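Heads up, the thing below is written out as structure tokens.
Each value in this text was obtained by applying a stated rule to the coordinates, not by laboratory testing. Owing to the predicted nature of the structure, the values given are computational and were not obtained by experimental measurement. Here Cβ is always computed from backbone atoms with ideal geometry, including for glycine, and neighbour counts include all displayed protein chains.
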Amino acid sequence: MKIKATLATLSLLSLLSFGASAAQLVTSQQAADLQPAGTISISGIGGAPTDYRAALSQKADEQGASAYKVIEARTGDSYHLTAELYK
């Protein structure tokens, strides 16, 4: 029984640590103290704001960024967002 509890705890901790390493959305004030590292864009049809944030965070992670700030957003039936990346 202790093994199952330990495995469950480790699984939960690994999920929490994965979430902690994802690039974070920042405000303009927060971005002022960070080093710019390029831009990324996402586009698609449909979706919700949480989907956009997850896609931007994933792309930012792939580029090695720790944070991103949305600098352009068009939403509706289709969407296009551009974000500035920060180290």
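Sum up the charges of everything whose Cβ sits under 12 Å from the Cβ of Ile45, counting Lys and Arg as +1 and Asp and Glu as -1, but leave Ile45 out. Spell out each step's value before the answer.
Values: positive: none; negative: Asp51, Asp77.
Its environment carries a net charge of -2.
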Within-13-Å neighbourhood charge of Asp33 [Cβ basis; K, R +1; D, E -1]: +2
Dipole magnitude (debye, nearest 20) for the range 23-86, charges at Cβ of Lys, Arg, Asp, Glu: 60
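What FRET efficiency comes out for the pair Thr27/Ala48, r = Cβ-Cβ distance, R0 = 22 Å, nearest 0.05? Walk me through the intermediate numbers first.
Details: r = 21 Å, r/R0 = 0.95.
With R0 = 22 Å, the Cβ-Cβ based efficiency is 0.55.
Within 10 Å, count the other beta carbons around each residue, average over each peptide in 44-53, 58-67, 78-87, and list them highest first.
Numbers: 44-53: 12.3, 58-67: 16.6, 78-87: 18.5.
Going from most to least packed, we get 78-87, 58-67, 44-53.
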